[in-house]
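Nothing in this text is a laboratory measurement; each read-out follows from the coordinates by a stated rule. The shown structure was predicted, so the numbers you read here are calculated from the model rather than taken from an experiment. Note: ideal-geometry Cβ built from the backbone for every residue, glycine included; neighbour counts use all protein chains shown.
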Amino acid sequence: MTKLTDLPGVIPIFPLPGALLLPRARLPLHIFEPRYLAMLDDCLKTDTRLIGMIQPNEAPGRTGTGLHLIGCAGRVSQFSETEDGRYMVTLTGVSRFRVLREVEGFTPYRRCDVSWDGFEADKDAAERDDAFDRRGFMRLLERYFKARDLSADWETLQEAEDELLVNSLSMLLDFSPEDKQALLEAPSLATRRETLVTLIEYALRGGEEDLIQ
């Protein structure tokens, strides 16, 4: 469990469209660009080893940084170097954050001044979703996987805890970057699950319309 006071005010930022990291979840990354290799090297020298995952946002009127306002910081929990100097990295989600401003400096990668306020629950134990209709959700998920000709380890999915199931699907399923952002910004596990169900149902309706045409 990470305390609010342990989190730094300035963190390195890794803008990556469509990549979603959630608290207590794990995100594998393949790092090879020189600026992000420098970021990783600097990150590993810190006590927190945090990298802020965030999605670009070019929509006018949102933020002057060209980034969404909310991202999620992950701790480098595993890394290995390949023979040609690239890194395979695993980030473990620690907490969401809000971008306050971009910090000017001499690093080749971007850094932002961030606030952790409002995301205190991210640093607690796993959330529960007492209203979760798992049986109905699994039926919907089976329809979605069948429509997209996807395979799954259904036994593992059935046995997964609520948060692990909802967050893993939110990260892995092929939704648009804006939809991923909506899943990230969901204030609770229950609202994330509701958003996920809405996105799956919408995708199924779109697939059925394509078949009719």
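Taking the chain as a Gaussian network, Cα atoms linked when under 10 Å apart, which of 183, 21, 44 shows the biggest mean-square fluctuation? Comparing 183, 21, 44 in the GNM, the peak value goes to 44. Treating r as the C-beta distance of residue 138 and residue 33 and R0 as 45 Å, the FRET efficiency rounds to 0.70.
Spacing of the modelled spin labels on residue 164 and residue 191, each 7 Å from Cα toward Cβ, amounts to 2.6 nm. Considering only 162, 124, 174, the Gaussian network model of the chain with Cα springs below 10 Å gives its largest mean-square fluctuation to 174.
How large, in Å, is the stretch 4-123 by the Kirkwood hydrodynamic radius built from its alpha-carbon pairs? Walk me through the numbers on the way to the answer.
Numbers: mean 1/r = 0.0690 Å⁻¹.
Kirkwood radius, the stretch 4-123: 14.5 Å.
For the chain, adding -39500 (n - 2.57) for each run of n ≥ 4 DSSP H residues and dividing by the number of residues yields -11000 deg cm²/dmol at 222 nm.
For the chain, what number of Lys pairs, 8 or more residues apart or on separate chains, have alpha-carbon atoms under 27 Å from each other?
Working: 3/45; 3/123; 3/180; 45/123; 123/180; 146/180.
Counting lysine pairs in the chain gives 6.
Give the range of the longest stretch in the chain that excludes all GluC sites (Glu not before Pro) found in loop regions by DSSP and having at most 10 other beta-carbon atoms within 10 Å. Display every interim value, and only then the final one.
Values: sites that count: 58, 83, 104.
Counting only loop sites that pass the neighbour cut-off, the longest clear stretch is 105-213.
When the chain is treated as a GNM with alpha-carbon contacts under 10 Å, the residue of 35, 98, 75 showing the greatest mean-square fluctuation is 35. Candidate membrane-span-like segments in the chain, meaning DSSP H helices with Cα atoms spread over at least 30 Å of their own axis and a Kyte-Doolittle mean of 0.0 or above, are 189-212, with no membrane implied. Look at the alpha carbon pairs under 8 Å that are at least 6 residues apart: their mean separation over the length of the stretch 24-112 gives a relative contact order of 33 percent. Oblate is the label for the stretch 134-212. Its Cα gyration tensor axes, ordered a ≥ b ≥ c, give a/c of at least 1.5 and b/c at or above a/b.
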